[in-house]
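One structure is given here, and the rest of the page talks about it.
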Amino acid sequence: MKRIYLDHAATTPVDPAVVEVMVSSLKDNFGNPSSVYAEGRTAKKSIDAARAQVAKAINADPREIFFTASGSEADNWAIKGIAMKNQAKGNHIITTKIEHHAILHTCQYLEKHGFEVTYLPVDKDGLISLEDLRNAIRKETILVSIMFANNEIGTIEPIREIGKIVKEKGIVFHTDAVQALGNIPIDVKDLNVDLLSVSAHKIYGPKGIGALYIRKGLPIDNLIHGGGQERKKRAGTENTPEIVAFGKAAELATEHLETNINHMKTLRDQLIKGVTERIPKVRLNGHPQKRLPGNANFCFEYIEGESILLSLDIIGIAGSSGSACTSGSLDPSHVLLAIGLPAGMAHGSLRLTIGKSTTPEDIDYVVDNLVGIIQRLRAMSPIDAD
Amino acid sequence: MKRIYLDHAATTPVDPAVVEVMVSSLKDNFGNPSSVYAEGRTAKKSIDAARAQVAKAINADPREIFFTASGSEADNWAIKGIAMKNQAKGNHIITTKIEHHAILHTCQYLEKHGFEVTYLPVDKDGLISLEDLRNAIRKETILVSIMFANNEIGTIEPIREIGKIVKEKGIVFHTDAVQALGNIPIDVKDLNVDLLSVSAHKIYGPKGIGALYIRKGLPIDNLIHGGGQERKKRAGTENTPEIVAFGKAAELATEHLETNINHMKTLRDQLIKGVTERIPKVRLNGHPQKRLPGNANFCFEYIEGESILLSLDIIGIAGSSGSACTSGSLDPSHVLLAIGLPAGMAHGSLRLTIGKSTTPEDIDYVVDNLVGIIQRLRAMSPIDAD
Amino acid sequence: MPSPYNDIVLEHFKNPRNTGRIENPDGKATEGSPACGDMVSLYLMVDPETKIITDIKFESYGCASNIATGSIITELAKGKTIEEAKKITWKEASDALGGLPKIKAHCSVLAVEVLRSAILNYEEKHGLITSKEVTTEEIVRKRLKKVMNPIKGL
Ligand SMILES: Cc1ncc(COP(=O)(O)O)c(C=O)c1O
Ligand SMILES: Cc1ncc(COP(=O)(O)O)c(C=O)c1O
Ligand code: FES
Ligand code: FES
C-alpha cells in the first residue's frame with residue numbers, strides 16, 4: 001500500500017543526498033576528531049565544514065554553533081546552563097505555556113531546585129502578548145525562553161520584537177527554533193537572540209543530532225562535562241557521520257528554503273480549504289496567517305483524536321494528534337488547553353504536517369478519505385451533534 | 001600508503017555488518033518511534049530489539065538499558081542524576097584520580113555546587129586500594145563511581161570487590177565500563193553495580209550513541225528532560241539508526257568476545273615484548289597482568305610523546321599519547337601523574353591499542369619502525385642519556 | 001585546522017636543521033616551558049671580530065613544533081650578528097614556519113628565549129655585559145610567564 005506521510009513536524013525522512021554523505025563518513029571517516037593523526041584530522045575537517053553549513057542556515061558564525069545529540073539536549077542545555085551560571089544574579093525564568101516538553105519539563109525541574117518560572121499565557125491563536133512579557137520581567141529575571149514556532153498548532157511567535165524587549169533589559173534570550181529551521185528564514189543577527197536550538201531530523205537530516213547556537217561570548221555552564229570537544233563546551237566523542245549529515249541537510253534547507261516554503265504553503269492551504277469546506281464543525285487551531293508553512297491542525301467536534309489517527313493509518317496515511325493517548329500519557333495537549341480549548345476538544349485534534357515531497361494528489365486523497373472517516377466516527381459518537 | 005590503526009581505545013572503525021543495519025534503518029525506518037502509525041511502530045520495534053542486544057552484552061534486563069548520545073552523557077547522567085536525587089541524604093561522592101574526564105569534570109562541577117568529592121589515589125600500576133575505599137566512606141556518601149578499566153594505561157579495577165563493599169554500606173555504585181565492553185566479560189548481576197556506562201564507538205559501532213544501565217527500581221534524576229522517550233528517563237527523539245547499530249555491535253561483541261580477547265592479548269604481548277626487548281629505557285605503564293587485552297602504554301625516557309606520534313603518523317601508524325599537546329591542553333596526563341610518573345615522563349607516553357583486525361605483521365612493522373624513531377628523537381634530546 | 005601542522009613545519013620536524021651539540025661552545029643555554037614541560041638547548045659559535053653567529057646547533061626534548069621552531073631559529077640566526085639575532089621575535093619564527101597552531105605559539109617563544117639566553121651567555125662569558133643583572137627568581141618567573149602566555153589564553 002502506498003503510504004502518505006503527513007507528520008513532518010514529528011520527524012522527516014532522511015534526504016538521499018544526506019544519507020549518502022552520512023554513509024560515506026560512516027565507512028571512510030571513522031577517526032576520532034580529537035586525534036592528531038591523519039584519520040583524526042580528516043574527521044575534524046569534515047566537522048568544521050558541517051559547522052559552517054549549519055551556521056550559514058541561521059546566519060551565525062561557525063564558532064557559535066555547538067553540536068548536541070538532539071533538539072531536546074540543546075533546550076536542556078540552554079535553560080539549565082544559563083540558570084546554573086546566573087544563580088547568583090537571580091532565580092527567575094520566563095517562558096510560555098505552549099513550549100515543547102523539553103523546555104517545560106526542564107523548567108519544572110528547576111522549580112524544584114529553587115528557581116521561579118513564569119509561564120506566559122497565549123491568546124486563542126497561540127500568540128503571547130508582549131505586554132504580558134514586559135509585566136513578567138523582574139529584577140531577578142535571568143532568562144526568557146520563547147519558542148520560535150509551535151510544534152502542534154504551528155503558530156509563529158514575534159521573536160524579533162520579543163528579543164528587543166528582552167535585550168533592553170539585559171536578560172538572556174533563548175528560542176527553541178526546532179520547528180522553525182527549514183520552514184522560516186532565521187537570522188540570529190537580526191533577531192536579538194542569545195541562544196537558539198535546532199534539530200536535524202526535522203529538516204531531512206538524521207535523528208540524534210542537534211545544535212545550540214550560543215552568541216559569541218555568552219557565559220553558560222556545560223550540560224555534559226568531560227573531554228574538550230566542541231571548544232570545551234560539550235563533551236563526548238564527536239558524532240562525525242551525523243554531524244556531516246546535519247551539515248548537508250542544513251545546506252539543502254538553506255538552498256531550497258523559498259521553494260520549499262511556497263510548496264508547503266500551497267498544499268497546506270489546499271488541505272485547510274478542503275477540510276474546512278467539506279467537513280462541518282471543524283476548527284483550525286493556531287494562527288490563521290502567522291503559522292508554519294506546512295502545518296494544519298484541526299479539531300473535529302465530538303470525536304477523539306486517536307480514533308481518527310488509527311483510521312487514517314489503516315488506509316495508509318500517517319498523521320498525529322494532540323491527544324497523546326498511545327504515547328504514554330492520557331493528558332490532553334497542553335498547547336490546545338493553553339489556546340482555550342475545553343479539555344473535551346483538546347482530545348480531538350488532528351495535526352497534518354506537509355513536507356517537501358508531499359503532492360497535491362496526496363492532499364486530495366487525504367481530504368476525500370477524511371470526510372468519510374469523520375462521518376463514520378461521528379455517527380458512532382454518543383455526544384449529540386446538535 | 002597502508003595505514004596501521006592502533007588507537008582502538010580512542011575509537012574503532014565501524015564494522016561493515018553494523019554499517020549495513022544502520023544504513024538500512026536510515027533509509028527505510030525513519031518513523032518517529034513515539035508515533036502510533038506504522039512507521040512509528042516499526043521504528044519502536046527495532047529499538048526494542050537493539051535494547052535486548054545491548055542488555056544481553058552485560059547480562060541486564062532490557063528495561064534496565066537507557067540509550068544516551070555517548071559514554072560521556074551516560075557518565076554525566078549517572079553522577080548528576082544520583083547526586084541531585086539524593087541531595088537531602090548526603091553530599092559526598094567517592095571516585096578515583098584516574099577516571100575519564102567525563103567523570104572528573106562532572107565531579108569538579110558538583111564540587112562548585114555544594115558536593116564534596118574524594119578522589120582515591122592509585123598505586124604505581126593504577127589500582128585503587130580497597131582499604132582506602134573503606135576509609136573514605138562517610139555517612140554522607142551517596143555515590144561511589146570507579147571505572148572498570150582505564151582508557152590510558154588499561155588497568156582493570158576490582159569492580160566486584162568494590163561493589164561488595166559499597167553495597168554493604170547501602171551506597172549507590174556506578175562504574176564507567178566504556179573501555180571494558182567488548183574487552184572483558186561484564187555481568188551486572190554478578191558485579192553489584194547499580195549503574196554502568198557504555199559507548200558504541202569503542203566496540204565497532206557508530207559514534208554518538210551510548211547507554212546507561214540503571215538497576216531496576218533505582219531512583220535517579222533525569223539529565224535531559226522533555227518528551228517521554230526511554231520510559232520517561234531520557235528525552236529526545238530516539239536515534240533509531242544508531243540505536244539499531246549499537247544493538248548489532250553489541251551482539252557481535254558478545255558473540256566474539258572470547259576470540260577477540262585472545263587475539264588482542266596475543267598481539268599485545270608480542271608488542272610489549274618487542275618494544276621492551278629492543279628499545280632501552282622504556283617503561284610499561286599500567287598493571288602487568290590486570291590490563292585490557294588490547295592496551296599497551298609505554299614511556300620512553302628523554303623524549304616527548306607528540307614527536308613520537310607525529311613520526312609514527314608520517315609512516316602510516318596511528319597511535320596516541322598521554323601528552324595532549326595538540327588537543328587543546330598542555331597538561332600532562334592526570335592518569336600518568338596519578339601512577340607516580342614525574343611530570344617530565346608523563347609527557348612522553350605512547351599508547352598503542354589493538355583491535356580485532358590488527359595482524360602480527362602490523363605489530364612487527366610498528367616495532368621495527370619504533371626502534372628507529374626513538375633512536376632518532378633521543379639523539380636530538382638535550383637530556384643526557386647517562 | 002586541516003592538520004595541526006603545515007608542510008613547512010612537518011618538513012622541519014622530519015629533517016631538522018642544525019641539531020646536536022657543539023663541544024666548547026662560545027655560548028649555550030637551556031630553557032624549559034612550564035606550560036608543557038618541554039625543553040630545548042642551544043649552542044653558539046660567534047666570530048669575535050664581526051660578532052656574526054658562525055655555527056649554531058640545538059637539542060630538543062619536546063613536541064613536534066618545539067623541534068621545528070628549534071630548527072627554524074637556528075636557520076634564522078645563522079649568519080646574523082648577535083645584535084640582529086637578538087631581535088628575532090617568536091612571531092618571525094612562527095611566520096617563517098608558515099604559522100603554528102594557536103596552542104603551539106609558546107613553542108616558538110621557547111625557541112626565541114633559548115636563542116636570547118645563549119647570546120646572553122656568550123656576552124657574559126666574553127665580558128660584553130658590564131653590569132650583569134642578577135638572575136633572581138622574579139626574573140625567571142617573568143621570563144617564564146611570557147613563555148606560557150605569548151598571545152594570551154593558553
Ligand atoms: C573510560 C571512558 N569513559 C568515557 C568515555 C567517553 O565516551 P564517549 O566518547 O562516547 O563520550 C571514554 C572514551 O572517550 C572512555 O574511554
Ligand atoms: C519545538 C520542538 N522543540 C524540541 C524538540 C525536540 O527535538 P529532538 O527530537 O531533536 O529532541 C521538538 C521535536 O521533537 C520540537 O518540535
Ligand atoms: S478510553 Fe481509551 S484512552 Fe480513554
Ligand atoms: S608543546 Fe611545549 S614546546 Fe611545544
What does the average come to when, for each residue of peptide A:68-78, you count the partner chain Cβ atoms lying within 10 Å of its Cβ? 6
Fraction of antiparallel bridges per DSSP, the protein assembly as shown only, in percent to nearest 5: 60
Give, as a single signed number, the net charge of other residues whose beta carbon lies under 11 Å from the beta carbon of A:I220, with Lys and Arg counted +1 and Asp and Glu -1. +3
Average beta carbon contacts from partner chains per residue of B:274-283, 10 Å cutoff: 0
For chain B, find the longest principal axis of its Cα atoms and tell me its angle to the long axis of helix B:305-314, 0 to 90°, nearest 10. 90
Interface B:A - total buried accessible surface [probe 1.4 Å, Å², rounded to 100]: 4900
Would you mind telling me the share, in percent, of accessible area of the protein assembly as shown contributed by carbon and sulfur at probe 1.4 angstrom? 52
Using a 7 Å offset from Cα along the direction of the beta-carbon, what are the separations from B:N369 to the same position in each other copy, nm, ascending? 6.0
With a/c under 1.5 counting as rounded, go ahead and sort segment B:1-113 into rounded, prolate or oblate using the C-alpha gyration tensor (a ≥ b ≥ c being the square roots of the eigenvalues; past the cut-off, prolate if a/b is larger than b/c, else oblate). oblate
Quick one: ranking B:L110, A:L130 by accessible area, 1.4 Å probe, largest first, what do you get? A:L130, B:L110
What does the charge count near A:E301 come to, summing +1 for each Lys or Arg and -1 for each Asp or Glu among other residues with Cβ under 10 Å from its Cβ? +3
For chain B, give the share of DSSP beta bridges that are antiparallel, in percent and rounded to the nearest 5; count only bridges with both residues there. 55
Taking chain B as the reference, fit the longest principal axis to its C-alpha atoms, fit the long axis of helix B:16-28 to the helix C-alpha atoms, and give the angle between the two in degrees, 0 to 90, nearest 10. 40
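Within 10 Å of each candidate Cβ there may be at most 16 other Cβ atoms; applying that plus a DSSP loop requirement, which trypsin sites (Lys or Arg not before Pro) in segment C:81-113 survive?
Hits after loop and neighbour filter: C:K87.
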Rounded, prolate or oblate: which fits segment C:7-148, taking a ≥ b ≥ c as square roots of the Cα gyration tensor eigenvalues, rounded meaning a/c under 1.5, else prolate when a/b beats b/c? oblate
Rounded to the nearest 10 Å², the 1.4 Å probe accessible area of B:R3 is 70
On C-alpha positions alone, give me the angle between the axis of helix B:101-111 and the longest principal axis of chain B, in degrees, nearest 10. 60
Please give me, ordered by residue number, the GluC sites (Glu not before Pro) of segment C:1-57 that lie in loop per DSSP and have at most 13 other Cβ atoms within 10 Å. C:E23, C:E49
Just tell me which lysines come within less than 22 Å, Cα to Cα, of B:K281; anything on the same chain fewer than 8 places away is out. B:K124, B:K273
From most to least accessible, 1.4 Å probe, no ligand or DNA/RNA atoms counted, A:D269, B:D15, A:D7 line up as A:D269, B:D15, A:D7
Kindly give the distances from A:K2 to its copy-mates, label point to label point, with each label point 7 Å from Cα along Cα→Cβ, as nm values to one decimal ordered shortest first. 5.5
Percent relative contact order of chain B, based on C-alpha pairs within less than 8 angstrom and at least six residues apart? 23
Mean Cα-pair separation over length for segment B:230-386, i.e. relative contact order, pairs under 8 Å, 6 or more apart, %: 26
Do you know the relative contact order of segment C:7-148, to the nearest whole percent, from alpha carbon pairs under 8 angstrom that are 6+ apart? 28
Cα gyration tensor category, rounded, prolate or oblate, for chain B with a/c compared to 1.5: oblate
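Could you sort A:M1, A:M147 by accessible area so the largest value comes first, with the probe set to 1.4 Å? Let's see the in-between values first.
Working: A:M1 155, A:M147 5 Å².
The residues order as A:M1, A:M147, largest area first.
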Please report which chain B residue places its beta carbon nearest the axis carrying chain B onto chain A, with the distance rounded to a whole angstrom. B:A69, 1
If one computes the Cα centroid of segment B:38-114 and of segment B:206-221, what distance in Å separates the two points? 4
Which of the residue pairs B:K89/B:K112; A:K207/C:K104; B:K44/B:K85; B:K56/B:K207 have a Cα-Cα distance greater than 26 Å in the structure shown? A:K207/C:K104; B:K44/B:K85
Roughly how crowded by other chains is peptide B:204-214, in terms of the mean Cβ count from those chains within 10 Å of each of its Cβ atoms? 4
At 222 nm, what value in deg cm²/dmol follows for chain A if DSSP H runs of at least 4 each add -39500 (n - 2.57) and the sum is divided by all its residues, to the nearest 500? -13000 deg cm²/dmol
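The values are calculated or read from the model by the stated rules, or taken from the named source; none is laboratory data. Predicted model, so just to flag it, every value in this text is computed and none were measured. Every residue, glycine among them, receives a Cβ derived from its backbone with ideal geometry; neighbour counts consider all protein chains shown. Side chains are part of the model used for accessible areas, which takes the heavy atoms of the whole protein and leaves out ligands, DNA and RNA. Shrake-Rupley method; radii C 1.70, N 1.55, O 1.52, S 1.80 Å.
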